[in-house]
1. Could you figure out which of (1) more than 25 Å from residue 98 (Cα to Cα); (2) at pLDDT below 95; (3) touching a strand residue (DSSP E or B) at 6+ places or on another chain (Cβ under 6 Å) isn't true of residue 192?
2. Answer with yes or no whether residue 107 is within 17 Å of the chain's Cα centre (by Cα) and closer than 16 Å to residue 58 by Cβ.
3. Applying the selection to segment 32-62, what residues are more than 30 Å from residue 178 (Cβ to Cβ) and touching a strand residue (DSSP E or B) at 6+ places or on another chain (Cβ under 8 Å)?
4. Hey, can you tell me all the residues within segment 172-191 that are surrounded by fewer than 17 Cβ atoms within 10 Å (Cβ to Cβ), part of a strand (DSSP E or B) and touching a helix residue (DSSP H, G or I) at 6+ places or on another chain (Cβ under 9 Å)?
5. How many residues does segment 40-60 hold that are more than 15 Å from the chain's Cα centre (by Cα) and surrounded by 19 or more Cβ atoms within 10 Å (Cβ to Cβ)?
6. Out of the residues in segment 149-170 that are part of a loop (DSSP other than H, G, I, E, B) and in contact (Cβ under 8 Å) with a residue 40 or more places away in the chain, state the one that is surrounded by the most Cβ atoms within 10 Å (Cβ to Cβ).
């Protein structure tokens, strides 16, 4: 009898790949990770942006609910495909990147949902303002790359009110409403590689083998 492995969706990972890997620390691969956001402009349009300079790690525990994640993002690396807008976002009106060069995230709890989906509760700090946030996370699978390194991938989304973090600048519109929406949607596609046993799990590690 021939056994066939069925993917849960076309071109998706096999079911075995969706099992959480053995306990260990994975460091985020910035080359294959996107930390993006969506904001409303003029009440009707959407502007997308992302950050290009960040570090992060995912520590998977034997008991998945004891797993943890953290990230540091440099605010000056914001990119919305508009030089003038990006300069404004780095200014004191928004991130004030000279005074507050980094924003950080640290998980505080992991709540299993269904299948390979989780809710991660954590603390997000921007401009020295720390607030609780909730990430909806999907574990996309694990794989061993051609260089022999184990990698995992996750998708995470969240919504925050930027005013909670001191990002309060706005301008009224003539017909009513505001120039910039207050609700920000966060979208993360992260790929991370397992640290070797001799690496310190509490520090970031350079990825030694890059996959194109």
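1. Against the list (1) more than 25 Å from residue 98 (Cα to Cα); (2) at pLDDT below 95; (3) touching a strand residue (DSSP E or B) at 6+ places or on another chain (Cβ under 6 Å), residue 192 comes up short only on (2).
2. Criteria met by residue 107.
3. 32, 33, 55, 56, 57, 58, 59, 60, 61, listed by residue number.
4. If the condition is that a residue be surrounded by fewer than 17 Cβ atoms within 10 Å (Cβ to Cβ), part of a strand (DSSP E or B) and touching a helix residue (DSSP H, G or I) at 6+ places or on another chain (Cβ under 9 Å), then 183, 189 are the ones that fit.
5. 1
6. Among residues in segment 149-170 that are part of a loop (DSSP other than H, G, I, E, B) and in contact (Cβ under 8 Å) with a residue 40 or more places away in the chain, the one surrounded by the most Cβ atoms within 10 Å (Cβ to Cβ) is 167.
The values are calculated or read from the model by the stated rules, or taken from the named source; none is laboratory data. Being a predicted model, the structure only gives us computed values, none of them experimental. Glycine also receives a Cβ, built like all others from the backbone with ideal geometry; neighbour counts cover every protein chain displayed.
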